[in-house]
Amino acid sequence: MAAVIFTGAQLLKQQSGLVGIAYIRVNNYSSDAKVYNLASLKRGTGGRSSFNGIVATVFGSTGFIGRYVANKLGKIGTQLILPYRGNNYETMRLKLCGDLGQVLFQPYYLKDLESIDKALKYSNVVINLVGRDWETKNFSFQDVHVKGARDLARAAKKAGVEKFIHLSALNCDGPNEAIFSRQGSKFLSSKWEGEQAVLEEFPEATIFRPSDVYGQEDRFLRYYAHNWRRQGQYMPMWKNGEATIKQPVHVSDLAAGIVAAIKDPEAAGKVYQAVGPRRYQLNELVDWFYRVMRKDSEWGYKRYDMKYDMFFKLKVSLTQKFSPAFPVGNLHWERLEREFVTDRVNQAIPTLEDLGVNLRRMEDQVPWELKPFTYGLYFGTDSEEPVVEPKPPKYVS
Ligand SMILES: NC(=O)c1ccc[n+]([C@@H]2O[C@H](COP(=O)([O-])OP(=O)(O)OC[C@H]3O[C@@H](n4cnc5c(N)ncnc54)[C@H](OP(=O)(O)O)[C@@H]3O)[C@@H](O)[C@H]2O)c1
């Protein structure tokens, strides 16, 4: 059951518990249990079958960003403890992220502190990717983004974890622009409070503030591609999408930044803005997505100002009311509130580039990501027609 092989380590006591990580008492005559310096147990050349000295507990690994982070960590010989809730079959694909025996699952419940302690007690790195885009009956934003984050940070500190990485969100600091509601985005304000809670418990934590993240199974490209986001072929947007500027980041770049922050001792106690290399007006981006999906004006695509459409507003409210746990097409008021907030990048705060990440341009990545949504790609005459390269979006900077 033990997942790391410790050759030459003396006084090693194999834990027979669920996690099965090696646990060592430094003095065999002492009753004081102390976690061994895992970094000194590095083995191999740095690939998937080595051990790089990192045992990382990744909370929220079953989500979109979690899959990429687990994959990147597994590839470099990290041992992964992946806490999960609910059905264990949903996590099983993550088993392949690392070498045999290096990916271990642990059931937990965010409100059960003992289960949190168990999930991170053998790790030297903890990553918190737990988050929600909308509130549910059981978990409010406060529960997940503030109290949950605080509990994880506190438990990590208590267990002697060396690195704590926390995912927040861009635009959570500074004024919370109110677009549809009176108080602005509750998601963003809870993310700001979450950052403060984490820093109170774990002052050396590294915080990432991602903008909209795109990639496989994202909630950015898929949100706009979803039929429910449109009214027929028409796309309603606040102020026609012309008043919003976005700087989306590719998920793989964000995951690379998280891995780089684990390795970089300078990253402790810093905040990083995870943004892409270019800024675009939102209307430019969405029009381009539709050109790439071959759903251009000839197909019937047209963008308009949503203030003229009461039916769209009614649709959002009804979706939220009748499908609260999983809003169809991710369409709910909180999402719309965040959707039209302009991305603010503070020049004084470092970005992924400061962690050595070579950022991908949307123009190079998005056509591939949107392939499954391309109209007439797999059947019909369209698939045989020569494809005209769609005009790329204009970028602001
Ligand atoms: N994706 C973006 O564009 C974006 C942008 C800015 C910030 N972020 C932040 O980045 C982090 C990761 O984002 P993501 O896109 O990977 O999110 P995601 O796909 O929604 O995944 C969220 C993860 O959190 C877990 N989770 C949610 N509520 C929980 C609860 N009450 N108890 C235990 N686990 C819970 C989920 O577990 P289950 O699988 O069991 O539900 C899942 O593993 C989040 O904090 C998010 O707010 C994301």
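None of the figures in this text is laboratory data; all of them are computed from the coordinates on show. Just so we're clear, the structure is a prediction, and the values are computed from it rather than from any experiment. Quick reminder, even Gly has a Cβ in these numbers, built from the backbone with ideal geometry, and neighbours come from all protein chains shown.
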Quick one: work out the % antiparallel among DSSP beta bridges in the chain, nearest 5. 20
Test item: Cα-centred dipole of the chain, Lys/Arg +1 and Asp/Glu -1 on Cβ, debye: 660
Starting with the fewest neighbours, write out Tyr304, Tyr395 ranked by other beta-carbon atoms found within 10 Å of each beta-carbon. Tyr304, Tyr395
Based on alpha-carbon centroids, what's the gap between segment 169-221 and segment 313-355 in Å, whole number please? 10
Please give every one of the aspartates and glutamates within straight-line cross-link reach of Lys270, meaning a C-alpha to C-alpha distance under 13 Å, and leave out same-chain neighbours fewer than 8 residues apart. Glu195, Glu204, Asp354
Grab the DSSP H runs of the chain that are 4 residues or longer, score each as -39,500 (n - 2.57), total them, divide by all residues and round the 222 nm result to the nearest 500 deg cm²/dmol. -8000 deg cm²/dmol
Distance (nanometres) between label positions extended 7 Å along Cα→Cβ at Gln233 and Tyr304: 1.4
Ratio Rg/Rh, restricted to the chain and using Cα atoms, in which Rh is the Kirkwood radius: 1.00
Fully extended, how many nm does the chain gain between Glu389 and Glu90 (0.36 nm per residue separation, minus their Cα-Cα distance)? 103.8 nm
Could I have the simple spin-label model distance between Ser297 and Lys157, label points 7 Å from Cα toward Cβ, reported in nm to one decimal? 5.8
Taking amide hydrogens as modeled 1.01 Å from N in the peptide plane, which residues meet the under 5 Å criterion relative to Thr351, leaving out close sequence neighbours? Gln273
In the structure shown, of Lys118/Lys157; Lys147/Lys191; Lys75/Lys371; Lys147/Lys246; Lys239/Lys391; Lys191/Lys394, the pairs separated by more than 19 angstrom at the C-alpha atoms are Lys75/Lys371; Lys147/Lys246; Lys239/Lys391; Lys191/Lys394
Let me test this: with uniform point scatterers at the alpha carbons of segment 153-225, what is the Debye-based log₁₀ I(q)/I(0) at q = 0.15, 0.17, 0.25 1/Å? -0.64, -0.77, -1.07
Measuring from label point to label point, each 7 Å out along Cα→Cβ, what is the Phe311 to Lys263 span in nm? 5.4
Given charges of +1 on the Cβ of Lys and Arg and -1 on the Cβ of Asp and Glu, with all other atoms neutral, how large is the dipole of segment 196-312 about its Cα centre, in debye to the nearest 20? 560
Calculate, in nm to one decimal, what Asp354 and Lys321 gain on full extension: separation in residues at 0.36 nm each, minus their alpha carbon distance. 7.6 nm
Quick one: Karplus J couplings for segment 72-89, per residue in order, coefficients 6.51, -1.76, 1.60, θ = phi - 60°, nearest Hz, x for Gly and Pro? 5, 6, x, 4, 9, x, 8, 8, 10, 10, 10, x, 9, 10, x, 6, 5, 5
Give me Phe187, Phe180, Phe326 ranked fewest to most by other Cβ atoms within 10 Å of their Cβ, as a rough exposure proxy. Phe326, Phe180, Phe187
